[in-house]
Amino acid sequence: MTTRLRVLSSSVGTKLVIGVTGFLLFLYLVIHIAGNLLVFFGPEVFNRYAYVMEEQNALLPLIELGLLAVVLIHVFKTVRMFFGNQQARPVGYQKKRYAGGTSRKSLASSTMIFSGLWLLVFMIIHTRAFRFAPVIELPGGGRDLYRQEMNELSHPLTVAFYVLSMIVVGSHLWHGIASAVQSLGANHPRWTPPLLTAGKVIAVLIAGSFIVIAVWAYVTKGGLQL
């Protein structure tokens, strides 16, 4: 047991843990955006989805606790690796230069720690707004999540914050997916380039979909605001 913990605390083990937890969070985002896109089908469809996920899902508390654990482990390991790298190289580079066409160095990779911390703050705000806010009850029982979402996204500053945060999500995924592929050992001359390209496309699609939802809700909220 001690040996396993020592392995997971090593540089390679830390990258592996970050890769695994990052991949789990990526899967959650895919499921989350798939459910959120149902908002385009109207309140009945969207609220039925919410009712099944929240009221008829006995595993929801375990899923939420598991997700919280994954987030905390991912953040802890990433921050610890960042400061470990800083201590190993106390004197920074005088000037950063482009590393060439084959390099994976980019703005997204250079700002991963900052985009990650931004998203941690966003998740806290987002969870408070939708999970712990006053519930809007439906006449027949259940939560009117459609109206709650439309109300939340009826304010321009809120929408601007969401759009900016989704751009940060796209940036984080842009490098994070590639980094997870490398950390999990999926390096192959034939398969890695298509995987990296697919990861970037998925990052844009996920971030873009959330942005479209936020802007659409703001533009079409009409008389839904309470």
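Only the coordinates and a few stated rules stand behind these numbers; no lab work does. Source: prediction; values computed, not measured. Cβ coordinates were reconstructed from backbone atoms using ideal geometry, including for glycine residues, and neighbour counts include every protein chain displayed.
Worth a mention:
- The modelled label-to-label distance between Ser109 and Glu137, using points 7 Å beyond Cα along the C-beta direction, is 5.5 nm.
- The slack between Phe161 and Phe76, meaning 0.36 nm per residue of separation minus the straight C-alpha distance, is 28.1 nm.
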